[in-house]
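Structure record follows, encoded as structure tokens.
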Amino acid sequence: MDGGVQGLGAEAHIQEEASRISRQIGLHIDWIRTSDELSNVGGGQRGLYKTYCAIFAEKPYEEKFLPPEVADYFQSILRSGGLIFVARDDAGAVAAFVASRPLSDKPDIVHLVQPYLKTPLGKTSYFAEDAVVPALRRRGISAQLKKLLLLANRAMGYESMVLRTSRDSTAQRNAVEKAGGSLIEGLIQDVDSLRLDGSLHPDARVFYTFDL
């Protein structure tokens, strides 16, 4: 892509920031760029896939996911040319993760937000994932990983990013706004999420944009 910090310069810039944040939060940060790297952090009882399932099985989400579908989901992010960063502790257990993908890879979101975008679709990314295991929350880890993901997208030439979250998730919305997200006023998406008991739970989603 044009703009940003290009080629090897972009990679070095991202790696430098990842190393800085790693020291600050006391966790190892892996920039996942290949299927093999994803498999290495994904499997196991405390790997990415089961950790993802465990995080979203808890309140306030209470959503049901299975490791194979989570694996396919993250592989799809890689195939799209997206970015994945995984933070692990000294024992190798996944503690947190963030991910993004090109907004054009999310047609269900594109048709809703495109009228509100100030940048071309090809210059806009989608903030796909942001989570921290419960035991390590309220330590600034999510805020630092958000910074890393925003910087990495800027370095790769993106000019803006779109994020979707639950309208009723006050803590997440406050964190997004603190990170620089601006609410798209008046835009709400009604969705159904599969809960642990097998029921479909209606939820209203709102959208934020970040200028990179």
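Would you point out which residue out of A18, A91 is under 17 Å from the mean Cα position of the chain (by Cα) and farther than 30 Å from R195 by Cα?
Details: A91 fails: under 17 Å from the mean Cα position of the chain (by Cα).
Step by step, each of A18, A91 is checked, and only A18 is under 17 Å from the mean Cα position of the chain (by Cα) and farther than 30 Å from R195 by Cα.
Taken over region 128-146, the criterion of being among the charged types (D, E, K, R) and crowded, with 17+ Cβ neighbours inside 10 Å is satisfied by E129, D130, K146. Spot the failing condition for P115; the list is (1) in a helix (DSSP H, G or I); (2) farther than 29 Å from D197 by Cβ; (3) touching a residue at least 24 places away in the same chain (Cβ under 8 Å), and only one is missed. The one condition P115 does not meet is (3).
Only a single item in (1) on the phi < 0 side of the Ramachandran plot; (2) more than 12 Å from the chain's Cα centre (by Cα) is not met by E62, and it is number (1). Taking each residue of region 147-172 that is over 20 Å from A18 (Cα atoms) and looking for partners that are of a type in the set (A, V, I, L, M, F, W, C) and at pLDDT below 95 with beta-carbon atoms closer than 6 Å, six or more apart or interchain, yields R167/A204.
So for region 137-149 (the condition being in contact with a helix residue (DSSP H, G or I) (Cβ under 8 Å, 6 or more places away or on another chain), at pLDDT 95 or above and either more than 28 Å from A93 (Cβ to Cβ) or acidic (D, E) (or both)), does at least one residue qualify? Within region 137-149 (the criterion being in contact with a helix residue (DSSP H, G or I) (Cβ under 8 Å, 6 or more places away or on another chain), at pLDDT 95 or above and either more than 28 Å from A93 (Cβ to Cβ) or acidic (D, E) (or both)), the answer is no, since none of the residues qualifies. Within region 120-148, the set of residues being assigned to a loop (DSSP other than H, G, I, E, B) and either of a type in the set (K, R) or under 12 Å from V176 (Cα atoms) (or both) comprises R137, R138, R139. Filtering region 31-68 to residues that are among the charged types (D, E, K, R), out of contact with any Lys or Arg (no Cβ under 7 Å at 6 or more places or on another chain) and either surrounded by 15 or more Cβ atoms within 10 Å (Cβ to Cβ) or modelled with pLDDT of 95 or more (or both) leaves R33, D36, E37, R46, K50.
The values are calculated or read from the model by the stated rules, or taken from the named source; none is laboratory data. What you see is a predicted model, and the numbers here were worked out from it, not measured in a lab. Heads up, the Cβs are rebuilt from the backbone with ideal geometry, glycines too, and the neighbour counts pull from every protein chain shown.
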